[in-house]
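**Q** Attaching a single structure in C-alpha cells format; questions to follow.
The values are calculated or read from the model by the stated rules, or taken from the named source; none is laboratory data. Bear in mind that the values here come from a model prediction, so they are computed numbers and not experimental data. Ideal geometry is used to build each Cβ from the backbone, glycine not excepted, and the neighbour counts take in all protein chains shown.
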C-alpha cells in the first residue's frame, strides 16, 4: 500500500490539472492559428521571390566520342547488321553542381522512356530527376536484356520481346550505365539529378537551363562519361548568364 | 602455367578494375580504329580447378578446360561494304600464339543477307562450337560432345576390336599399332578448339538461317592442310519462329583418317572410305531471367576392318546435354548442365562391349559480374565413367573472365 500513497502524493490536485490542460490547449490553438494564417504571409513578404534567371551556352566537343562498335565475333556465320550513328554522342548534359536549397523540394518525378530500337538505346543519354520512372520498351523484333550494374541503380530486366516494356524507378542521384546483355554494343547513360537544374544539349551542343534563382553556382558539363571542371556562374535576377564548355 | 603467374594476372585484372575510371587502362569496349573500319576485341580467361586425375576435362594431353589461361584477340577489318577480313589469334597457358580463325567474308549484295566466307572458317555444325568466348559458356567445363577425348584417333588405327577396347576410357593418351605408333590424344565428337579450313555460304531471313560448307578436315579433326585428299561437306539449318527460340539441325560427312594411317591399314586406294558422319540437333529458349539449351550430336566413324576380331560396323557415339541458366540478381546467375556421352558396342574376344567408356557429367555453378566485362565463375562437377583408370571424380573450379 505504501507505493500507492506515494504515487498520490506526487500527483497534482485535480482542479489544477484541468486548469493546466485548458491553458495548454488554448496556447496550442493560438500557435496553430498563427502558423497557418500569419506565418506564411510573413515568410512570403520576407523572401519575395526574385525573378528567376537562365543559364545558357554551348558545349563544344573537340572530338566526338566514337560509338560503341560490335565485337568482331569471328564465330558468326554471316555479317551482322551495320548500324553506326554518332549523333547521339554529340549530346551533352550541363547541370548545376550545387543547386538552390529550395530546388530539392520542388523536384517533380515523372516518366521517361528509353527505347530499344534497331539494336540501340534511344535516346543514348537520358537526364532525369530522382523518383522518375523510366520505361524500357522493346521496339525490335528480337530479344533484348536491359541491365545495369551501376552503384546508383542496379537492375536486370531479363529478356522480353517486341511490344513489351518494363519500368525502373531511379531513386538516387548519380550516373547509371545501361547495357544489353545480348548485344554488347548497346549502351546508354541515365543521369539522375536530385534537382531540376540540368539540360541536355542539342546535337550542336546548345543548352539552356531556365528558372534558376539568382545567385552564384558551380556548373558542370558532361559528355559520354567525361566531366568538365566546375565553372562558376552568377545568374542575375530575371536575366541570362552565358557559360560555354569545351570537352574531350 | 604456374599458380604465381595466374595470381599475377588476377592482380593485374583486379587492379584495372579497382582503379578510378580516369586512370583505368583496361578497355571496356572493342578498340575501333580507322573510323570504325578496324575493330579489335579481346577475351582473357583464367581457370583454376582441382586435379583432374581422370582426364575428364582435357582437350589434349596438356590442356584441361579447368586449368587454363587463355588469351584471345579478334579483329575485323572492314574493307568496304562487300569485303571484311576477320581473324582471331589465341594463346593457351602462355604457349605459342595460333591463328584460330582467319577468313574473308564476302557479302555480294548489300541488300541480301547472303555471305560467303573462305579461309579458316567458323564451324557450320551444331551450336556450341560457335560460343567461343569464355563468357558465352555459362559454366567452366565444356559439353562432352565438344571436349571429351574418345580413344579414337585420325592418325592411328586399331588393328582389331580388342586393341580398341583396351583403350576404353583412355582417350587422353591412346596408341594403336597402325599408323602413328606414338601415344597421343584421341578425338572429341566435334572439336571446339580448332577450326576447319574451307569455304562456307550462309543465307539468313527473318525466320530461317542456312549454312553449307566444304572444308579439309572433319568435325572431330579440323585441319589447316589436308592429309587425306578428302573434303567434308557440312550443313546447318536453324529457325527462330518466336523471339528467344532457336531450333537447329546439322549434318556433316567427310574422310577423317589420315592417308598415312589408311595406307598402313588397308593399302593405297581406299583412303577416302573412312569417314566421319555426324547429325546434330539443338534448341535454345530464353525468356525473362532464364535460358535453356539442349543439344545432341550423333557421330559415326568408319574404320578399316584389318584383322579378327574385326570392327565390323561403324563406331557410333551419341552425346546429349541440357543446360540452363537463371539470373538470380543483377550480375548474379546460377547454371547447371547435365551431359551424357554413350558409345555403340563392338564384339571383342571377351564378347560385346561399348567401344569406349560412357561418361556422364553433372555440372552446377554460377557467375557473378564484378563489373560488366569482368566475370567470376564457380562450378562443381560430378563425373562418372564406365571404365578407365578413374571412374568417378568430383571437381571444383573457378574462372575469371575479362573481355572488351
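**Q** Specify the residue that is surrounded by the fewest Cβ atoms within 10 Å (Cβ to Cβ); the eligible residues are those in the range B:309-324 that are touching a helix residue (DSSP H, G or I) at 6+ places or on another chain (Cβ under 6 Å) and over 22 Å from residue B:381 (Cα atoms).
**A** It comes out as B:309.
**Q** Report yes if residue B:108 is part of a loop (DSSP other than H, G, I, E, B), on the phi < 0 side of the Ramachandran plot, surrounded by fewer than 24 Cβ atoms within 10 Å (Cβ to Cβ) and under 22 Å from the mean Cα position of the chain (by Cα), otherwise no.
**A** No; evaluated as a whole, the condition is false for this residue.
**Q** Sticking with this one: Is it true that residue A:151 is over 20 Å from residue B:287 (Cα atoms) and in contact (Cβ under 8 Å) with a residue 24 or more places away in the chain?
**A** The answer is no for residue A:151.
**Q** Could you please let me know if residue B:140 is buried (at least 24 other Cβ atoms within 10 Å of the Cβ) and more than 12 Å from the chain's Cα centre (by Cα)?
**A** For residue B:140, the condition - buried (at least 24 other Cβ atoms within 10 Å of the Cβ) and more than 12 Å from the chain's Cα centre (by Cα) - is met.
**Q** Here are some residues: B:269, B:281. Which one is free of Cβ contacts under 8 Å to residues at least 40 places away in the same chain and assigned to a strand (DSSP E or B)?
**A** That would be B:281, the only listed residue that is free of Cβ contacts under 8 Å to residues at least 40 places away in the same chain and assigned to a strand (DSSP E or B).
Conditions tested, residue by residue: (1) touching a strand residue (DSSP E or B) at 6+ places or on another chain (Cβ under 7 Å); (2) buried (at least 18 other Cβ atoms within 10 Å of the Cβ); (3) closer than 30 Å to residue A:146 by Cα.
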| residue | (1), (2), (3) |
| --- | --- |
| B:326 | yes, no, yes |
| B:355 | yes, yes, no |
| B:366 | yes, yes, yes |
| B:399 | yes, yes, yes |
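**Q** Could you check residue B:226 against (1) closer than 30 Å to residue B:158 by Cα; (2) within 14 Å of chain A (Cβ to nearest Cβ) and say which number it fails?
**A** (2)
Rundown of residues vs (1) crowded, with 17+ Cβ neighbours inside 10 Å; (2) modelled with pLDDT under 95; (3) under 20 Å from residue B:142 (Cα atoms), yes/no style:
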site: B:215; (1), (2), (3): yes, no, no
site: B:233; (1), (2), (3): no, no, no
site: B:253; (1), (2), (3): yes, no, no
site: B:262; (1), (2), (3): yes, yes, no
site: B:268; (1), (2), (3): no, yes, no
site: B:282; (1), (2), (3): yes, no, yes
site: B:291; (1), (2), (3): yes, no, yes
site: B:296; (1), (2), (3): yes, no, yes
site: B:307; (1), (2), (3): no, yes, no
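**Q** Which of the strands (runs of 3 or more DSSP E) found entirely inside the range A:199-248 contain at least 3 residues meeting this: touching a residue at least 60 places away in the same chain (Cβ under 8 Å)?
**A** By residue number, A:206-212, A:215-223, A:240-242, A:245-247.
**Q** Right, another one. Which of the residues spanning the range B:120-136 are modelled with pLDDT of 95 or more and facing chain A (nearest Cβ under 9 Å)?
**A** Answer for the range B:120-136, where residues must be modelled with pLDDT of 95 or more and facing chain A (nearest Cβ under 9 Å): B:121, B:122, B:123, B:124.
**Q** Would you confirm whether any residue within the range B:189-203 is within 23 Å of residue B:391 (Cβ to Cβ) and crowded, with 21+ Cβ neighbours inside 10 Å?
**A** Checked against the condition, which is being within 23 Å of residue B:391 (Cβ to Cβ) and crowded, with 21+ Cβ neighbours inside 10 Å, the range B:189-203 yields at least one hit.
**Q** Looking at the range B:201-221 only, could you name the residues that are at the interface with another protein chain (Cβ under 10 Å from one of its Cβ atoms) and more than 21 Å from residue B:274 (Cβ to Cβ)?
**A** B:201, B:202, B:203, B:204, B:206, B:209, B:210, B:211
**Q** Name the single residue that is nearest to the other protein chains (Cβ to nearest Cβ) among those in the range B:174-196 being closer than 20 Å to residue B:59 by Cα and not in a loop (DSSP other than H, G, I, E, B).
**A** Filtering the range B:174-196 for residues that are closer than 20 Å to residue B:59 by Cα and not in a loop (DSSP other than H, G, I, E, B), the one nearest to the other protein chains (Cβ to nearest Cβ) comes out as B:184.
**Q** So, one more: I'd like to verify a number: residues in the range B:34-84 that are over 23 Å from the mean Cα position of the chain (by Cα), more than 10 Å from chain A (Cβ to nearest Cβ) and assigned to a strand (DSSP E or B), how many?
**A** 1
**Q** Inside the range A:115-179, counting only strands (runs of 3 or more DSSP E) that do not spill past its ends, which hold 1 or more residues that are away from every other protein chain (no Cβ under 14 Å) and within 18 Å of the chain's Cα centre (by Cα)?
**A** Answer list for the range A:115-179: A:125-129, A:132-137, A:165-170.
The rows are residues; the columns are (1) touching a helix residue (DSSP H, G or I) at 6+ places or on another chain (Cβ under 7 Å); (2) within 30 Å of residue B:403 (Cβ to Cβ); (3) surrounded by 19 or more Cβ atoms within 10 Å (Cβ to Cβ).
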| site | (1), (2), (3) |
| --- | --- |
| A:142 | no, yes, no |
| A:171 | no, no, no |
| A:188 | no, yes, yes |
| A:204 | no, no, no |
| A:218 | no, no, no |
| A:226 | no, yes, no |
| A:230 | no, no, no |
